[in-house]
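What follows is one structure encoded as structure tokens, with my remarks underneath.
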Amino acid sequence: MMTGSNLERVLQTGHFAVTAEIGPPKSCNAAFVNKKAELLRGYADAFNITDNQTAIVRMSSIAAGVLVKEQGLEPVIQMTCRDRNRIGLQSDLLGAAALGIKNVLCLTGDHQSFGNHPQAKNVFDLDSIQLIKTIKDMRDEGRFLCGEELKVKPDVFIGCVENPFADPFEFRALRLRKKVEAGAQFVQTQCVLEMKRFRPFMDLINEQGLTDRVAVLAGVMPIKSGRMARYMQKNVAGMMVPDELCERLEAATDLREEAINIVVEQIAQLREIPGVRGVHIMAVAWEEVVPEIVRRAGLYPRPTNLD
């Protein structure tokens, strides 16, 4: 069953998909969201709106998603399980669907201790796999988690995330399988900086037939400096940053140019890996480089008129 999602149509028609991220502000400044939407217009098929990323209070992902939609872009709202129980999650999904949002990305969510309210009480009533199943049943079966009938079904394309770089390695494919069986239709991965680890992950999920059932969008991230790359290498759990990448940035005379070069090279390599159906560009607080990355990677213009 096809939903009304442009992202789903792009994938179903065999195009190599591009998604990007718009992080809502730590305020109610709609102009901030509109400015990012204008900057990225036409350079991706859909745009992730993060949900209080790293447990820091920001504008609601659904509200920011509506602002993005009003700008003529297609949002992918993120929904995390950290802050809401099953009542709140199902309610917000209905609200998002009523506002015409067609894509939802299900995450368990960063622990509140990472954010600006570490004393907050977490919820985690559901995890991401349970949330995926809940939304699928609301959409396909027309019923709430409690079993009660839902008279108008939400029309949404369901996504999940996966980190191929966290240990134990074999568990990553098993976890993705559980998400696919729960109803995930696309998956966005942690940013791929170490191809030597990502290729075996793709081999594993290809062998298991998972890439026939879920569209894999590989994450890429432009890194602003060698210092930032070294910090990520040493301090960010579940992320593999090769020395070669750090050294290239450390030696660069034009950091912006080298950061873009690296991502364009990564996208070219990812396009050659069987089962990779697109890329998700995570240019955190550096959205202005996304148009150049997409153009230089040969992914512009994006497909239109897919009906």
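The values are calculated or read from the model by the stated rules, or taken from the named source; none is laboratory data. Source: prediction; values computed, not measured. Every residue, glycine as well, gets a Cβ built from its backbone with ideal geometry; the counts of neighbours run over all protein chains shown.
Ala20 fulfils the conditions (1) touching a Leu at 6+ places or on another chain (Cβ under 9 Å); (2) surrounded by fewer than 23 Cβ atoms within 10 Å (Cβ to Cβ); (3) small (Gly, Ala, Ser) except for a single criterion, (2).
For beta carbons closer than 9 Å, sequence separation of 6+ or different chains, a first residue in segment 79-93 that is under 13 Å from Glu148 (Cβ atoms) and a second that is assigned to a helix (DSSP H, G or I), the qualifying pairs are Arg86/Gln130; Arg86/Leu131; Arg86/Thr134; Gln90/Thr134; Gln90/Ile135; Gln90/Met138.
Scanning segment 169-186 for residues that are within 16 Å of Asp127 (Cβ to Cβ) and either in contact with a Lys or Arg (Cβ under 7 Å, 6 or more places away or on another chain) or in a helix (DSSP H, G or I) (or both) returns Phe171, Arg172, Leu174, Arg175, Leu176, Arg177, Lys178, Lys179, Val180, Glu181, Ala182, Gly183. Within segment 108-157, being of a type in the set (Asp, Glu) and in contact with a helix residue (DSSP H, G or I) (Cβ under 8 Å, 6 or more places away or on another chain) holds for Asp110, Asp125, Asp155. Just so you know, in segment 151-173 the residues that are modelled with pLDDT of 95 or more and of a type in the set (A, V, I, L, M) include one that is nearest to the chain's Cα centre (by Cα), and it is Val161.
Rundown of residues vs (1) among the charged types (D, E, K, R); (2) surrounded by 15 or more Cβ atoms within 10 Å (Cβ to Cβ); (3) under 18 Å from the mean Cα position of the chain (by Cα); (4) part of a helix (DSSP H, G or I), yes/no style:
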{"position": "Met202", "(1), (2), (3), (4)": "no, yes, yes, yes"}
{"position": "Arg227", "(1), (2), (3), (4)": "yes, no, no, yes"}
{"position": "Glu244", "(1), (2), (3), (4)": "yes, no, no, yes"}
{"position": "Thr253", "(1), (2), (3), (4)": "no, no, no, no"}
{"position": "Glu257", "(1), (2), (3), (4)": "yes, no, no, yes"}
{"position": "Ile262", "(1), (2), (3), (4)": "no, yes, no, yes"}
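When each of Ala37, Ala20 is tested for being closer than 21 Å to Gly100 by Cβ, not in a helix (DSSP H, G or I) and not hydroxyl-bearing (Ser, Thr, Tyr), the lone residue that passes is Ala20.
Considering only residues in segment 60-85 that are in contact with a strand residue (DSSP E or B) (Cβ under 8 Å, 6 or more places away or on another chain) and of a type in the set (S, T, N, Q), the one that is farthest from Lys35 (Cα to Cα) turns out to be Thr80.
Here is the figure for segment 264-276: residues that are surrounded by fewer than 21 Cβ atoms within 10 Å (Cβ to Cβ), farther than 21 Å from Ile22 by Cα and either touching a Leu at 6+ places or on another chain (Cβ under 6 Å) or among the hydrophobic types (A, V, I, L, M, F, W, C) (or both) total 2. Within the set Gly238, Gly219, the sole residue that is assigned to a strand (DSSP E or B) and either out of contact with any Leu (no Cβ under 8 Å at 6 or more places or on another chain) or surrounded by fewer than 16 Cβ atoms within 10 Å (Cβ to Cβ) (or both) turns out to be Gly219. Of the conditions (1) farther than 24 Å from Glu8 by Cα; (2) assigned to a helix (DSSP H, G or I), Gly147 satisfies every one except a single condition; which number is it? Of the numbered conditions (1) farther than 24 Å from Glu8 by Cα; (2) assigned to a helix (DSSP H, G or I), the odd one out for Gly147 is (2).
Each residue in segment 278-300 was checked for being touching a helix residue (DSSP H, G or I) at 6+ places or on another chain (Cβ under 9 Å), touching a residue at least 60 places away in the same chain (Cβ under 8 Å) and surrounded by fewer than 19 Cβ atoms within 10 Å (Cβ to Cβ), and 6 pass. Going by the conditions given, is Gln112 surrounded by 14 or more Cβ atoms within 10 Å (Cβ to Cβ) and either within 29 Å of Ala268 (Cβ to Cβ) or out of contact with any Asp or Glu (no Cβ under 8 Å at 6 or more places or on another chain) (or both)? Considered against the rule, which asks whether it is surrounded by 14 or more Cβ atoms within 10 Å (Cβ to Cβ) and either within 29 Å of Ala268 (Cβ to Cβ) or out of contact with any Asp or Glu (no Cβ under 8 Å at 6 or more places or on another chain) (or both), Gln112 comes out as yes.
Taken over segment 205-216, the criterion of being out of contact with any Ser or Thr (no Cβ under 9 Å at 6 or more places or on another chain), within 13 Å of Ile273 (Cβ to Cβ) and surrounded by 18 or more Cβ atoms within 10 Å (Cβ to Cβ) is satisfied by Thr211 alone.
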